[in-house]
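The values are calculated or read from the model by the stated rules, or taken from the named source; none is laboratory data. Remember, predicted model here, so these are calculated numbers, not experimental data. Every residue, glycine among them, receives a Cβ derived from its backbone with ideal geometry; neighbour counts consider all protein chains shown. Each accessible area value is taken on the protein alone, full model and side chains, heavy atoms only, with ligands, DNA and RNA left out. Shrake-Rupley method; radii C 1.70, N 1.55, O 1.52, S 1.80 Å.
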Amino acid sequence: MKTLVRKASRDSLRGAAQILRGGGLVAFPTETVYGLGARAFDANAVKRVYRAKGRPSDNPLIVHVNGFPMLLTVARRVTPLARKLIKAFWPGPLTLIFDKNPALPSAVTAGGLTVAVRCPGHPVARALIRSLGEPIAAPSANRSGRPSPTSAQHVLDDLNGRIALIIDGGACRVGLESTIVDARGRRPVLLRPGAISARRIATAARARMAAPGKSAPPAPGIRHRHYAPSCRVVLITPDELRNGRIPVLRAGDGLIHRSPWTGPHPAFARRVTGGVNAYAKSLFKSLRDAEAAGLRRVFVETVDEKGRGQAIMDRLGRAASR
Ligand code: TXA
Ligand code: MG
């Protein structure tokens with residue numbers, strides 16, 4: 001299969017909707033990361049998503065909708081807590097868990113009785129859902145286990161020849177995936193830290209955040225090794241960096257950092273100034289670039305687990321685990 005890359009336009013979006021209607025797969029930009037979309041109500045198309053990504057079949061997908069009426073076609077029940085969070089954060093990078101509407105194919109939810117739904121804020125994602133007129137099931141558009149894609153090129157690098165079309169909407173603004181919250185009860189349960197901080201969720205919910213318990217296990221995807229570039233990832237603190245305490249910088253070593261580093265210049269270095277959100281935005285790209293540079297090992301500076309920092313550290317922890 002030839003994979004086309006087309007700039008987002010009225011024409012390319014009309015073509016994309018046609019492909020989706022025919023059961024094909026289309027990658028598209030969202031404000032978080034690129035998604036790999038299929039028509040949610042087409043079970044065969046949804047199965048193709050798992051195949052194209054090499055995704056384990058026990059890891060459910062997120063359904064993308066353009067608002068409340070469309071939500072009701074995939075969810076069975078919307079709690080007062082969920083309504084509050086929708087009001088505060090949709091459209092935006094918040095995914096909520098609902099009881100699944102029986103009409104939705106079970107391939108979307110990996111056989112589960114709950115469904116994850118998000119209403120993206122990106123104009124191209126919104127236009128695509130509107131053009132199809134139906135919900136789109138879409139995980140991140142990377143090969144399973146790779147860092148999420150934040151540009152059309154990343155999608156092409158992972159999925160060339162496996163999908164029909166990539167809509168190019170430029171680099172993603174946030175660069176980290178959505179926050180996933182189970183709001184089926186009275187208190188929000190954080191299943192995956194993401195673009196919106198846990199604190200902002202709790203404030204909007206006017207309720208303390210509950211930790212995932214037996215009744216609400218963390219997002220299944222979190223069990224799998226994730227965000228793993230092919231080179232080894234070693235985390236270092238800002239203090240270690242400022243004091244020049246990186247164990248060794250040999251040939252084949254690289255550095256992704258925010259704080260100044262005055263030691264020997266590594267073959268590969270990416271310094272990101274401009275705060276934690278800028279660091280988040282470029283993180284997956286930096287990891288992919290480090291890999292493409294053929295590094296053996298990349299040192300990555302940690303951040304405080306505040307605001308978006310919690311999601312950054314979650315992803316870095318996974319990338320570094322082996
Ligand atoms: O920002 C995002 O959320 C991006 C864009 C494309 O929307 N999507 C994304 O999808 O990150 P994906 O498939 O890479 O991650 C979805 C996560 C997985 O960890 C999955 O296990 C979890 O959501 N998930 C999906 N359905 C769930 C459910 N019913 N209950 C709990 N977790 C669920
Ligand atoms: Mg993913």
Within a Cβ distance under 11 Å of residue 91, other residues only, what is the Lys/Arg minus Asp/Glu net charge?
-> +1
One would report the antiparallel percent of DSSP beta bridges in the chain, rounded to the nearest 5, as 40
Scattering profile of the chain from the Debye formula, Cα beads only, expressed as log10 I(q)/I(0) at q = 0.08, 0.15 Å⁻¹, is -0.36, -1.19
Working with all protein chains in place, sort 174, 234 by solvent-accessible area computed with a 1.4 Å probe, largest first.
-> 234, 174
Label-reachable residues, the stretch 157-187, where backbone N falls under 17 Å from a point 7 Å from residue 73's Cα toward its Cβ = none
Quick one: which of 60-67, 12-19, 199-206 comes out on top by average Cβ neighbours within 10 Å, and what's the full order, highest first?
-> 60-67, 12-19, 199-206
Farthest towards the positive end of the dipole of the chain, among 40, 139, 300 and with Cβ unit charges of +1 on Lys and Arg and -1 on Asp and Glu, lies the Cα of 40
How do 285, 100 stack up against each other in accessible area, from largest to smallest, with a 1.4 angstrom probe?
-> 285, 100
If you rank 1, 70, 209 by how much accessible surface each has, with a 1.4 Å probe, what is the order from largest down?
-> 1, 209, 70
Local net charge near residue 186, Cβ-Cβ under 12 Å (Lys/Arg +1, Asp/Glu -1) = +4
Note to self: with every protein chain in place and a 1.4 Å probe, the stretch 229-322 gives an accessible area per residue in Å² of 48
How much of the accessible area of the stretch 83-142, in percent, comes from carbon and sulfur atoms when a 1.4 Å probe is used?
-> 54
Ranked output for segments 238-246, 103-111 by mean other Cβ atoms within 10 Å, highest leading, reads 103-111, 238-246
